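For reference, the structure is listed below as structure tokens.
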Amino acid sequence: MGKRMKNMAVMVLCIALAGAVLTGCGESRQSHQDTQQGIPASISEETGQGSAAEKAEAEETEKAAQTSEKYEDNFAVDSEAAKEFAEKVKDATARKDLEALADLTAFPVYVGLPDVDVVETKEDFLKLGAENVFTDELMESVKNADIENLQPSMAGFPISDGRIAGVNFGVADGALAVNGINY
């Protein structure tokens, strides 16, 4: 009986210790985030914690996420929200507005152009040039895409008239974002 009680006591202590460690880690992570937000960009750059452009992009993404609904996954997105986002993509594509499309995109993003594959940053995406990204086939496919009844999949929502060319979007960090451009 004494050995069994001792084993129970050790098990209870282990569980309590694990809980304390996990709780402490969560608080530590939050404290680190709090201190990072107050560091001026120039100091952060000197300490290797990211460029001013990266920080501005992160803040913009965070601000957009705070003003929009947070989604768990593609299947949690209602059809109206999917349609509204698809309209934004269709509009940016129709105007050949690469900046607007980049603002709707989560990076890194798949871009199926020859010799491109994955684009890591918004800046690299913009360097591709509107004349290369907005091909005639992509423009036509997105223009004719039916966005009234978009159906989610694990990969997201396709904006295409059935061709290979099209723009795909889905949930990234709780918000809708372009996650692929196919040609």
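For the stretch 74-182, the relative contact order is 30 percent, taking Cα pairs closer than 8 Å that sit 6 or more residues apart in sequence and dividing their mean separation by the residue count. For Arg163 and Lys143, the difference between the fully extended length at 0.36 nm per residue and the C-alpha to C-alpha distance is 6.0 nm.
Please find the FRET efficiency linking Lys88 to Asp117, where r is the Cβ-Cβ separation and R0 is fixed at 25 Å, and quote it to the nearest 0.05. Each step should come with its number before you reach the end.
Values: r = 25 Å, r/R0 = 0.99.
E(calc), rounded to 0.05, equals 0.50.
Amide H contacts of Ala106: Val178, each under 5 Å away and 5 or more positions distant or on a separate chain (H built 1.01 Å from N in the peptide plane; Pro and chain starts excluded). For the stretch 86-181, trypsin sites (Lys or Arg not before Pro) are listed when DSSP marks them as loop and at most 14 other Cβ atoms sit within 10 Å of their Cβ; the list is Arg95, Lys96. Phi-derived couplings, Karplus 6.51 cos²θ - 1.76 cosθ + 1.60 at θ = phi - 60°, listed residue by residue for the stretch 165-177: 5, x, 10, 10, 9, x, 7, 9, 6, x, 10, 6, 7 Hz, with x used for Gly and Pro.
A simple spin-label model places pseudo-atoms 7 Å from Cα toward Cβ; at Arg95 and Ala155 they are separated by 2.9 nm. Residues in the stretch 158-163 carry Karplus couplings, in order, of x, 10, 7, 8, x, 6 Hz; the curve used is 6.51 cos²θ - 1.76 cosθ + 1.60 with θ = phi - 60°, and Gly or Pro positions show x.
Bear in mind these aren't lab numbers, they're just calculated from the coordinates by the rules spelled out. All values reported here derive from a predicted model rather than from experimental measurement. Ideal geometry is used to build each Cβ from the backbone, glycine not excepted, and the neighbour counts take in all protein chains shown.
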